[in-house]
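Only one structure is covered here, and it is reproduced in the block below.
The values are calculated or read from the model by the stated rules, or taken from the named source; none is laboratory data. Everything numeric in this text was worked out from a predicted model, so none of it was measured. A quick note on method: Cβ atoms are made from the backbone with ideal geometry, for glycine too, and the neighbour counts reach across all protein chains shown. These area figures cover heavy atoms from the full protein model, side chains too; ligands, DNA and RNA do not enter into them. Shrake-Rupley method; radii C 1.70, N 1.55, O 1.52, S 1.80 Å.
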Amino acid sequence: MNSMKHVPTRVKSRRTEANLGAEREHFDKQQLSSISKAINSTETPVKEKHARRIILGTHREKGAYTFWSYALGFPLASSSILSWKFCHVLHKVLRDGHRNVLQDCMRHHSSLVEIGQLWSNLHDRYGQLVALYTKLLCTKMEFHVKHSEIPPNLEVTDEVLERTAGTDVNNVFQLTVEVFDYLDAELRLAETVMRQLNTSIAISTLTSGQCRLSPLIQVIQDCSHLYHFTVKLLFKLHSCLPADTLQGHRDRFHDQFHSLKTFFNKARDMFYFKRLIQIPKLPDSPPNFLHAASLAKHVKPVVVIPDEDEPEQQEDEDDDPEPLIEVSDSPSIQQSQPQLDIFDQAFGPPNGGFDDRDLQIESLKRDLELLRAELERVKGEAQRYITQLKSQINSLEAELEEQRAQKQRALVENEQLRMELEATRRRNAEHESVQFTFLEAEQRAQATEQRYNKLKEKHTELVSSHAELLRKSADTVKMLSATQQTQDEVERTKQQLSFEVDRIKQEADMKLEEQKFEMEKLRRELDEKMAEVMRIRATLQSSEKTSEQVSSSMTSLQAEKERLMRSVSEKEAELSSLRQAAQVQQSSLLQERERSSREVGELQGKLQEKSSQEEQLKQKLLEEQFALLQGTITEAEHIVQDAVAKLDDPLHIRCTSSPDYLISRAEATLGSIDKVKKGHADYLSNMSDAGGLLRALTQFSHLAADTIINGSATAHMAPTDQADRLTENCRGCATESLQFFKDLKSKTSLQRADPASVRIVVQKILHLGQELRPKGMDVRQDELGDLVDKEMAATSAAIEEAVRRIDEMMNQARKDTSGVKLEVNERILYSCTDLMKAIRMLIIASTDLQKEIVEGGKGAASIQEFYARNSRWTEGLISAAKAVGWGATEMVESADKVVLHTGKYEELIVCSHEIAASTAQLVAASKVKADRNSKKLTSLQQASRHVNEMAANVVASTRTGQEHLEEKDTMDFSGMSLIKLRREEMESQVKLLELESSLENERLRLGELRKKHYELAGVPLEELPEGNGDASLLRHPVTMSPKPSKPAVMRKPALAQKPNLLPKTPLK
């Protein structure tokens, strides 16, 4: 019997275990699916349904064991986006998960710290965010573990906060610091996210921006509570500690307040947050902790999360259906309430597993679901009512704040009136001092008037004394005329008296002038004092009037204040009546709204018709612009194809170009590529305007074709390897350009068209052109102008030094030699001196012509810019000037050796030829850019002919002196026998053959030296004459240099750069 009783129980337990295992498997599968969909490497925000399932899973298993078991398997160190979304989900789990989640997360605290340290050392945008987020999560866990009374969602009452802080001021102080650190971590993360969004293209409507912004919802929720905690704790600290001790806390709170207010304002303006969260507004200024009454004004910021709509949830569920567990023995819903099946556990289900109680349970469950839905609806309505009441509270608070502001303004006005009264009193005191000053000024005026009267009396006395003296003088004259007894004495007396009279007159006039001047001065002073007295009287009167006005204004302002207070009460009564009138008008407004809605519907119909027409016109404009673009691209393709076709044209093989010109074309092409890229971006942003892209494509096609043609022409003069690479890159440029044009012609590929590949090929052509530039051009272009002047000055100095040394050699030769040798040396040195003088005149003429060329060609640019723009011509001038200076120095050394009989006459002749060639090169370089009708060019040509004549004189005098000094032995063969003559003849033939062989070797050596010379100067080897150098010697005698080991000094202008110059004529 016992075994029979226990059979149903064992069967039921097996069924229960099977159902529990299936349910656990379903739970694990659902959690894995939600975790893998919520935490991935795609740059999209975490869906709310996945996070909600994970949170519900923590409540079901009363912990986060399953979450961490799956989360530890993610490669968080390999993807910053994956780590960011993991931190977001962990933040939501900590806030809304089961209370045991915090302990499970603390076991993995070290893993979070390692992830944060890893990403903080990497330069990645999401990596920096992950480092801040992990620091925030660690701070959050440490805070809530230490203060277990405060849950991770921070939703506690003020009583719980007071109990957590306790009564010990040290604990309150420490808790405040920890809350500050907590809020700092939140704000640092928020500021970094906002800063990255400001510096990137991501906005709140894109998934990339929403991926960064979605964790800020939890940050906003945390910050609102932490701000409230901080205010409460600081008011409590200020009630226990002096204000100076808490100055640092207040400064830190002010910084956090402004940062939090800025963050809330920015988040409130973003479209992403408007439908997800209602962000509270913080007050305009932080609370004043020094006044305890300010605590009553503090309003706790409340964050409202609107309820999500069920249709959206149903749409989200469609892409992620949950699998159902099919159990044939018993329904799966029965597992959720196993405590109701006690009877079934004891006796088993009758009639195959279902009875009436199961049906009742099912009906009760359905009723429960309906009641839950109704409860949710009631909660939503209650939430909406709460929101409306909060808005009304906010409006009432705003009105209260306005009343407070009016009160504050009234107090400010009273303070201003009090200040004006004080100012009026100060002005009255100043008026009293002014009156005292006025009295002093009147006294000084009276004293001045008395002084003036005294001076006037003294002046009257002087006038009377002067009249008396005049009368005495008249009497004296009469007496002298009556008695003429003593004529001499009378004359003397007369003279003395006249002198005395004149002196008295002068003294009287001087005193009179002084008195007049002093009287005028005193009169001016009196006038000034009187004017000052009048001003002081006017000021006193005006101040008295002002004081009266101020007192009257004080009374009027007091009356105005009382009137305003009465008007405020009246306005309040009017406001209540207006509210009643507004309700009456609302019904009429509804009727007006219906009528306006009908009119709006008609207008919208017309607007839609016009908008359709506008859309058609816009579409037509877009098609026309695209047709123009296709036509331009077709023409550009023809231009580039024509340029490519010339690469294989036999007639094009004879065309050559310089590397410098190729470089200029390539640089211009690179600039046009930038314009094409900008025009392409502008066209993509506004397809109704393709003008910029059309202009850029036209310029680019011509420049690209020009670069291809000149690259091929430059390749004809380059070595084989570089020529092949240059030709291949030219073809590659054409291919990439045509591919770019092809992408632009199609609407499907217009977006991804990019000229980057064309830029790469053109840069390769530019680098090859720079490699092909002649050697020795290592002078910077901004130094060319100074270098030309320096070389010209150095050449003139070398000529002057050569003339001086020739004079010294002349004096030395006159001392050491005599006779024929002295005559020969003098003739040679005289001709060298004349040549140097001619070269100096040539240098002066070349310098004048060069200045004329620069002044005529530079325009608005500077001289250095002109030389840099014409760098090839400038380098030719520098090379020619160096060659002239070096030739003069070499000629002086050769002449010195010839005079001392240690050198050869041939060296002097070669130096003469070299100087003539260098001066001819200088003339040719100066003549390139000169005007044909220039008088200075004519002077330069005359100086060049004079140099040639003087060089010929040097050669002639050298050869004449050589003939005079050489001793010619007479050939006497009379004493020789036939055999001896035959032997001498054979020896002479052997010597002749040796000399001819040596001559041939020297000619070959000269040819090789010239090839190397022209190679260094930039002339292609294909243009050099064939043979052993004789033809070259005849065509270019100017290259006979006694020291070919100095090619850098004797550098000639590159022939490839001057195709229009004729070959230099040999000297005669």
Carbon plus sulfur fraction of accessible area for segment 659-750, probe 1.4 Å, in percent
52
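Over the residues of segment 356-460, compute the C-alpha Rg and express it relative to 2.2 N^0.38 Å. Please report the intermediate quantities before stating the final value.
Details: Rg = 44.5 Å, N = 105, 2.2 N^0.38 = 12.9 Å.
Normalised Rg, Cα atoms only: 3.45.
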Measure off 7 Å from each Cα along the Cα-to-Cβ vector at Glu906 and Ser988, then give the distance between these two points in nanometres to one decimal.
2.1
Heavy-atom accessible area per residue, segment 505-597, 1.4 Å probe: how many Å²?
81
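Given the convex hull over the Cα atoms of segment 117-167, what projected area results after averaging over all orientations, in nm²? List each step's numbers first, then the result.
Numbers: hull surface 18.2 nm².
Computed as one quarter of the Cα hull surface, the answer is 4.6 nm².
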Computed on alpha carbon atoms, what radius of gyration and Dmax characterise segment 574-661, expressed in Å?
34.5, 102
Which three extents, in angstrom, do the Cα atoms of segment 48-116 have along their principal axes, listed largest first?
31, 26, 19
How much solvent-accessible surface does Leu122 expose, in Å² to the nearest 10, with a 1.4 Å probe and all protein chains in place?
70
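State which entries of Lys85/Lys266; Lys606/Lys745; Lys85/Lys297 exceed 30 angstrom in Cα-Cα distance in the structure shown.
Working: Lys85/Lys266 23 Å; Lys606/Lys745 37 Å; Lys85/Lys297 39 Å.
Going by Cα-Cα distance, Lys606/Lys745; Lys85/Lys297 fall outside the 30 Å limit.
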Potential extension, Arg404-Lys281 segment - 0.36 nm per residue separation minus Cα distance:
42.4 nm
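For segment 870-911, run through the trypsin sites (Lys or Arg not before Pro) and keep only the ones in DSSP coil with at most 16 other Cβ atoms within 10 Å of their Cβ. Intermediate values should be presented prior to the final figure.
Details: sites: Arg872, Lys882, Lys897, Lys904; in loops: Lys904.
Those satisfying the criteria are Lys904.
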Past the 24 angstrom mark, what percentage of all C-alpha to C-alpha distances in segment 91-202 do you count?
34
Probe 1.4 Å, protein heavy atoms only - accessible area per residue of segment 370-462 in square angstrom
83
Take the alpha carbon gyration tensor of segment 145-281, find the square roots of its eigenvalues, order them as a ≥ b ≥ c, and report rounded if a/c is under 1.5; if not, report prolate when a/b exceeds b/c, else oblate.
prolate
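Could the peptides 266-279, 907-920 be put in order, highest first, of the mean number of other beta-carbon atoms found within 10 Å of their residues?
Working: 266-279: 15.9, 907-920: 24.3.
The peptides rank, most packed first, as 907-920, 266-279.
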Given the alpha-carbon gyration tensor of segment 189-263, what are the semi-axes of its equivalent ellipsoid in whole angstrom, ordered largest first, with each equal to the square root of 5 times an eigenvalue?
34, 13, 6
Starting at 0 and stepping by 10 Å, how many percent of the alpha carbon pairs of segment 637-699 end up in each bin?
19, 34, 30, 14, 4
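Arranged from highest to lowest average of other beta-carbon atoms within 10 Å per residue, in what order do the peptides 671-681, 830-840 appear? Could you put the intermediate results ahead of the total?
Details: 671-681: 18.0, 830-840: 22.7.
Result, highest mean Cβ count within 10 Å first: 830-840, 671-681.
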